[in-house]
Every structure is written in C-alpha cells, then in structure tokens.
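The next block holds one structure in the form of structure tokens; read it before the comments.
The values are calculated or read from the model by the stated rules, or taken from the named source; none is laboratory data. In this text, all values refer to a predicted model and were calculated from it rather than measured experimentally. Glycine also receives a Cβ, built like all others from the backbone with ideal geometry; neighbour counts cover every protein chain displayed.
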Amino acid sequence: MFDELKKRYPPDKFPACAAALDLGIDVTLLEANVRLTPAERMRSLMRQLGLQQRLQEANLSPAQLEAIELRYRQEKLDYYGPQPELDSDHA
C-alpha cells in the first residue's frame, strides 16, 4: 500500500506527504477528511467521540477494541467509498 502511495506523492511535488509516508502515516485517511465539508467532519468527530465514550464505559479488552475499530473503518469506507486520487494540479 505504501509503495503505491509513494508513487502518487513523489517527494519533489509532495514533500509533506512523502515525509508522512516515510513515518508510516496512512495519508489516505487525511485525504478522505480533506474531502469532507466542515459540517461532515464535525459529525464524524462527534460520532467518534460518542463511540470512544461508550467503549471506555464498556471496559473491553484490547482485542475487542481493535475489532471494533476495524469494523468502524470498514463502515466508513463503505459509506464514503474509496477515495479517488488527488489531482496533483490542485496541490
């Protein structure tokens, strides 16, 4: 996955993205959030905070928390769909 992203974000055009990828940061999540309106980002944040509070109150094991996080990410992908590549002309 990171090799494909490094091709999309060459260091000479996207130095910040290239540096993030070198650190192992998944920039696809950043791309997805940039495409959202401020209102959509706020709704997403509020859902995440509500989920976090419920999980903390439930005293789940780390494995259970990881399974829930993976499910949340899949549901987000299902809802927003795969994110198209950014157009380098607009960066």
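The table for this structure:
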| read-out | value |
| --- | --- |
| Residue in region 6-17 that is touching a residue at least 40 places away in the same chain (Cβ under 8 Å) and surrounded by fewer than 13 Cβ atoms within 10 Å (Cβ to Cβ) present | yes |
| Residue that is nearest to I68 (Cα to Cα) [pool: residues in region 1-40 that are in a loop (DSSP other than H, G, I, E, B) and basic (K, R)] | R35 |
| Condition met for E85 (outside any helix (DSSP H, G or I) and at pLDDT below 85) | yes |
| Condition check for E31: under 17 Å from the mean Cα position of the chain (by Cα) and surrounded by fewer than 14 Cβ atoms within 10 Å (Cβ to Cβ) | no |
| Flag if L51 is modelled with pLDDT of 80 or more, exposed (fewer than 12 other Cβ atoms within 10 Å of the Cβ) and either assigned to a loop (DSSP other than H, G, I, E, B) or not polar (S, T, N, Q) (or both) | no |
| Every residue from region 26-72 that is under 26 Å from R8 (Cβ atoms) and not aliphatic (A, V, I, L, M) | D26, T28, E31, N33, R35, T37, P38, E40, R41, S44, E69, Y72 |
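Each row is one residue, and each column tells you yes or no for (1) part of a helix (DSSP H, G or I); (2) in contact with a Ser or Thr (Cβ under 9 Å, 6 or more places away or on another chain); (3) at pLDDT 85 or above.
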site	(1), (2), (3)
M42	yes, no, yes
L60	no, no, no
L70	yes, no, yes
R73	yes, no, no
